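> Quick one: structure below, then a few questions.
The values are calculated or read from the model by the stated rules, or taken from the named source; none is laboratory data. What you see is a predicted model; the values in this text were computed from it and never measured. Positions of Cβ are generated from backbone atoms using ideal geometry, with glycine treated the same way; all protein chains shown enter the neighbour counts.
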Amino acid sequence: MESMVTVDFGLEAGRIRQRLHGAGFSPSFAFRGIQDLTPALKEMNFSALRTHDWALFNPGQRIIDTHFVFPLMNQDPSDPANYYFAATDDILGMCRLEGIPVSYRLGSSIDHRGKNPHNVLPPADPVAYAEVLAGIVRHYTRGWANGFEWGDTMREWAIWEEPDSVPMLWRGSAEEFCRLFAIVLKRLKREFPELKFGGPSLCSCKLDYFNRLLAACREAGTEPDFISWNGYGSNVAAMAAQPEQARKMLDEAGLRKCEISLTEWHYLLKWEGLHANVTPESYKDAVGGATGMHGIDSAVFNLALLTALHDTPLDSAFYYGCGYDGTWGIRTVYKDMNKNFYSLKLFGELVSGYQTRVRTSSAADTLYALGTISEDEKRGALLVSDYRGTNTSVTVSVKGMDGATLSAVVLDDRRNLRPLRVTCADGLLELPKRAPGSAGFLMTFERP
């Protein structure tokens, strides 16, 4: 199949959607005194950070999770003395200092203890639990309990996480969760109508579960501001098809203003070696090499999916960066940046530098292209992601940038955003690949 991409800088095609480039990283916190990786976080230019699992990769810190902020559920939620906000104040204050909005997940991080996790038990009294959550929201948006008025950068609040992941994140029935969700949602929307509340970050886009959740909300006389789910896999097209399904379901339910969010996403070839049958050999196989979690396939999957999501009704998305190190991180065991970091940095540079998309097309199902142009039309950029492509080069047809100066960088199995010499002749340019396989290219054009 021919590897051809076409871009026309003279034809606008909508807006660049910065909200798709969110992530689950936090500022350096638990190990900040040893090494502060916040500069690396800023290099990736995320539009927002999501707090789920922050307590896991900041071990020993009593942050974010409801059982850390309000440890004794038999206490009075109207008394500020029963909350522990200090550590969470610190980490959210770092986000505020860096100017990065936060999407706060109410509930618990995942509990991997096995058959008897304790942090995800259904609350004994859902009404009282809703009052606890209202106290947390009030502290960060209304200044309650010596708190803050940060509602401008903490507008989005998610209720729970993956209740369909039993027992790791919920130890009750689906009916129990839907009832809890509706009670909490109605309570929080009543006091904080200026904020957005929703969830529940299902393990995947399960329409049947969403319909049960929406039915419980209707019965309670409320509706979510957004619904959300998570996605792990290696098929770009399959993951990018889900938002349309969710949007159709919501529209048919009369919830046209309800947003949709992909609250966790990550490249994943298989769970073996990561969460099942873990041995030194299986872990190395799952993480290392071109097809592993830290390899070039993962990195170009990131670029391809973020490009593909621009053509869906998805409102926001968050890359699942569970800490800087380890399986889901952006650094190797030797603290070098892995391929995922470079791909996220590359995309962050693109979406933070431009607002307007231009028309692109591709002649191969491995190719994804995102073109942009500056407001003054003097600068343009084209991101080309060749995900598992078998050809050794990509041809690009360029229209609307005659006489522009061209520069390019490449991300592949050996090169990390290294400058690439390319020339444009008669509107065509050739992007050479080192070998068949995944590669990403960012070209920038500048008119005199």
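> Checking the structure you have, find out if any residue of region 417-435 is in contact (Cβ under 8 Å) with a residue 60 or more places away in the chain, in a strand (DSSP E or B) and either among the basic types (Lys, Arg) or surrounded by 19 or more Cβ atoms within 10 Å (Cβ to Cβ) (or both).
no
> So, Glu162, is that one surrounded by fewer than 16 Cβ atoms within 10 Å (Cβ to Cβ), acidic (Asp, Glu) and either in a loop (DSSP other than H, G, I, E, B) or assigned by TED's automatic domain parsing to the domain that holds Asp79 (or both) or not?
no
> Could you tell me whether Thr263 is modelled with pLDDT of 95 or more, farther than 30 Å from Ser298 by Cβ and among the β-branched types (Val, Ile, Thr)?
no
> To continue, here is another question. Output yes when any residue across region 182-197 is part of a loop (DSSP other than H, G, I, E, B), more than 25 Å from Gln61 (Cβ to Cβ) and among the basic types (Lys, Arg), and no when none is.
no
> How about region 295-321: which of its residues are part of a loop (DSSP other than H, G, I, E, B) and either closer than 26 Å to Ile16 by Cα or hydroxyl-bearing (Ser, Thr, Tyr) (or both)?
The answer is Thr312, Pro313, Leu314, Asp315, Tyr320, Gly321.
> From the list Asn391, Asn416, Asn338, exactly one residue is more than 23 Å from Arg17 (Cβ to Cβ) and in the same structural domain as His21 (by TED's automatic domain parsing). Which is it?
Asn338
> Hey, another quick one. From Gly380, Gly348, which residue is surrounded by fewer than 23 Cβ atoms within 10 Å (Cβ to Cβ) and either assigned by TED's automatic domain parsing to the domain that holds Lys248 or not in a loop (DSSP other than H, G, I, E, B) (or both)?
Gly348
> Which of the residues that make up region 28-57 are at pLDDT 95 or above, buried (at least 22 other Cβ atoms within 10 Å of the Cβ) and under 23 Å from Trp160 (Cα atoms)?
If the condition is that a residue be at pLDDT 95 or above, buried (at least 22 other Cβ atoms within 10 Å of the Cβ) and under 23 Å from Trp160 (Cα atoms), then Phe46, Leu49, Arg50, Thr51, His52, Asp53, Trp54, Ala55 are the ones that fit.
> For region 246-277, give me each residue that is surrounded by 14 or more Cβ atoms within 10 Å (Cβ to Cβ) and either part of a helix (DSSP H, G or I) or within 14 Å of the chain's Cα centre (by Cα) (or both).
Ala246, Arg247, Met249, Leu250, Ile260, Ser261, Leu262, Thr263, Glu264, Trp265, His266, Tyr267
> Still on this structure, I have one more. Condition check: surrounded by fewer than 24 Cβ atoms within 10 Å (Cβ to Cβ), within 30 Å of Glu156 (Cβ to Cβ), assigned by TED's automatic domain parsing to the domain that holds Ala408 and not charged (D, E, K, R). Does Ser374 satisfy that?
So Ser374 passes the test.
> I've got another one for you. Working only within region 218-241, note down all residues that are assigned to a helix (DSSP H, G or I) and surrounded by 20 or more Cβ atoms within 10 Å (Cβ to Cβ).
Those that are assigned to a helix (DSSP H, G or I) and surrounded by 20 or more Cβ atoms within 10 Å (Cβ to Cβ): Val236, Met239, Ala240.
> Can you work out which of the residues in region 351-371 that are among the hydrophobic types (A, V, I, L, M, F, W, C) and either buried (at least 21 other Cβ atoms within 10 Å of the Cβ) or touching a helix residue (DSSP H, G or I) at 6+ places or on another chain (Cβ under 9 Å) (or both) is nearest to Gly22 (Cα to Cα)?
Val351
> Would region 168-181 turn up any residue that is in a loop (DSSP other than H, G, I, E, B), touching a strand residue (DSSP E or B) at 6+ places or on another chain (Cβ under 8 Å) and in the same structural domain as Asn116 (by TED's automatic domain parsing)?
So far as region 168-181 goes, no, none of its residues is in a loop (DSSP other than H, G, I, E, B), touching a strand residue (DSSP E or B) at 6+ places or on another chain (Cβ under 8 Å) and in the same structural domain as Asn116 (by TED's automatic domain parsing).
> Go through Val127, Val120, Val132, Val137 for me and flag whichever is of a type in the set (Val, Ile, Thr) and in a loop (DSSP other than H, G, I, E, B).
Val120
> Among the residues of region 100-113, how many are of a type outside the set (Asp, Glu), in contact (Cβ under 8 Å) with a residue 12 or more places away in the chain and out of contact with any strand residue (DSSP E or B) (no Cβ under 8 Å at 6 or more places or on another chain)?
4
> Might you check whether a residue that is modelled with pLDDT under 95, in contact with a Pro (Cβ under 8 Å, 6 or more places away or on another chain) and crowded, with 20+ Cβ neighbours inside 10 Å occurs anywhere in region 87-102?
no
> All but one of (1) of a type outside the set (Val, Ile, Thr); (2) within 28 Å of Phe29 (Cβ to Cβ); (3) over 20 Å from the mean Cα position of the chain (by Cα) hold for Pro280; which doesn't?
Just one mismatch for Pro280, condition (2).
> What's the total number of residues in region 405-416 that are closer than 29 Å to Met293 by Cα and either free of Cβ contacts under 8 Å to residues at least 60 places away in the same chain or in a strand (DSSP E or B) (or both)?
Going through region 405-416 one residue at a time, the tally reaches 7.
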